[in-house]
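Each reported figure results from applying straightforward, stated rules to the coordinates on display, with no laboratory input. None of the values given here were measured: they were computed from a predicted structure. When we count neighbours, we look across all protein chains shown, and the Cβ atoms used for this are built from the backbone with ideal geometry, even at glycine.
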Amino acid sequence: MKTKQCDRCSKKASISLEYGPHHYCEAHFTKFFDNRVKKTIRKYKLFKPGEKLLVAVSGGKDSLVVLHLIHKYYSRSNEIEVLIIDEGVKGYRNKAITTAKKHCKEKGIKHKVISFEDEFGITNDDIMPLLKQNPKLGGTCAFCGTMRRHIMNKYAKKIKADKLITGHNLDDEVQSFVMNVFNNDFSRLIRTGARAGIIEHVGFVKRIKPLYETPEKEIIAYCAFNEIEHYSQECCPYSWSAKRNEFREMLNNFENRFPGTLFSTLRFNEQLKDNLKVSKEKKKEFSEKLKACSKCGEPTEKKFCNTCELIAKLQDEKKKTKKSKTKSANKKYNKKLTCATTKYNK
Ligand code: AMP
Ligand code: ZN
Ligand code: ZN
């Protein structure tokens with residue numbers, strides 16, 4: 001096959017983006033990639049100069065790329081801080097946290113590590129056997145995600161951040177959209193977007209996604225071309241049960257066979273939401289329903305917030321469990337698993 005030339009210079013192309021199609025050398029791909037992220041930030045008015053930004057960094061490729069770009073282009077106009085959450089998964093999180101911290105130190109960015117253990121007195125390694133024992137409690141990723149968002153929101157308020165940045169990318173967003181369709185989950189559909197959530201409320205710090213229009217595959221290439229060291233050896237050993245992996249695989253197959261599928265699904269989702277625009281009155285109604293959780297003070301419609309309810313359920317379950325039983329269940333979860341991202345990487 002004839003090697004393609006870069007669309008912008010005479011060099012040999014290092015990457016071909018079939019949906020364009022575009023062919024770029026490493027330097028021009030980096031420029032194209034950076035410009036698209038800056039455009040996403042402008043187009044969706046993700047943040048303004050002067051706002052304090054808290055970046056949630058896991059140590060994986062997405063959040064490290066977002067940190068790299070926010071630091072590269074906005075460290076003069078915005079105050080930046082990093083939050084790293086330690087969910088307590090032995091052998092998995094420690095290495096990723098070390099990588100995340102290393103990036104912050106190199107860039108001179110203030111960073112804070114908060115663990116599930118400190119915040120809730122329970123780790124993911126403790127939680128998973130309990131969920132296995134009583135599947136009615138819910139799925140593994142649902143627990144972990146709710147607890148993580150709780151810490152993010154609470155810490156963002158503590159440091160008076162104006163926006164909370166996550167590394168969610170185009171693939172994540174499209175997977176969520178298709179999953180919501182398959183699950184007939186309409187209320188979740190309107191909560192997605194580059195600016196997550198519909199409620200503007202003092203109790204919630206706005207979560208924003210600068211990589212909303214950036215395909216995952218290109219983030220992997222960007223890390224390689226720009227030598228962004230990240231943690232990618234294994235995915236969370238507990239995420240194997242996530243239904244999301246099935247959707248990821250299905251959408252990857254479609255994108256490979258019909259390039260542009262991810263972008264067109266994203267645009268369809270946006271048009272749908274534009275036509276559904278939640279009225280100001282409705283938003284006000286949502287906000288007015290919120291009150292402070294009786295246990296932790298975070299906003300909720302009920303007496304206790306979702307996180308406090310989950311923790312209470314886990315504590316009840318823990319009481320029912322004999323110590324020896326927990327130990328044997330734990331062993332089963334310690335096997336190594338290959339995640340969809342790794343498969344996709346091949
Ligand atoms: P995930 O749900 O694992 O795809 O993660 C989505 C985004 O949430 C990441 O890109 C990060 O911005 C953030 N995030 C996930 N896990 C952590 C963590 N342990 N600490 C800080 N941020 C995280
Ligand atoms: Zn070039
Ligand atoms: Zn609570």
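Side notes on the structure shown:
- Sorting 100-111, 84-95 by average packing, meaning the other beta carbons within 10 Å per residue, from highest down gives 84-95, 100-111.
- Remark: the stretch 24-160 carries a charge dipole of roughly 720 debye about the Cα centre, counting +1 on each Lys and Arg Cβ and -1 on each Asp and Glu Cβ.
- Under-5 Å amide H pairs with residue 206, H placed in peptide plane, nonlocal only: 164
- Candidates 311, 73, 92 compared by Cα position along the dipole of the stretch 44-345: farthest toward the positive end lies 311, with charges placed on Cβ.
- Amide H contacts of residue 197 (H built 1.01 Å from N, in plane; Pro and chain starts excluded): 192 sit under 5 Å, all sequence-distant by 5 or more or on other chains.
- Summed residue charge, Cβ within 15 Å of residue 211's Cβ, Lys/Arg positive, Asp/Glu negative: +4
- Ellipsoid semi-axes for the chain, based on the Cα gyration tensor and the rule √(5λ), read 33, 25, 21 Å when sorted largest first.
- More than 20 angstrom apart: percent of Cα pairs within the stretch 143-264: 54 percent
- Centroid-to-centroid separation of the stretch 260-299 and the stretch 48-80 [C-alpha atoms, Å]: 24 Å
- Here the relative contact order of the chain, from alpha carbon pairs under 8 Å that lie six or more residues apart, stands at 19 percent.
- For the stretch 1-40, the Kirkwood hydrodynamic radius comes to 10.3 Å, computed from all pairs of different C-alpha atoms.
- The loop-placed trypsin sites (Lys or Arg not before Pro) in the stretch 248-298, going by DSSP, that have at most 16 neighbouring Cβ atoms within 10 Å of their Cβ come out as 277, 295.
- Neighbour counts of other Cβ atoms within 10 Å put 229, 81, 216 in the fewest-to-most order 229, 81, 216.
- Within the chain, helix-based [θ] at 222 nm, where runs of 4 or more DSSP H residues each add -39,500 (n - 2.57), nearest 500: -16000 deg cm²/dmol
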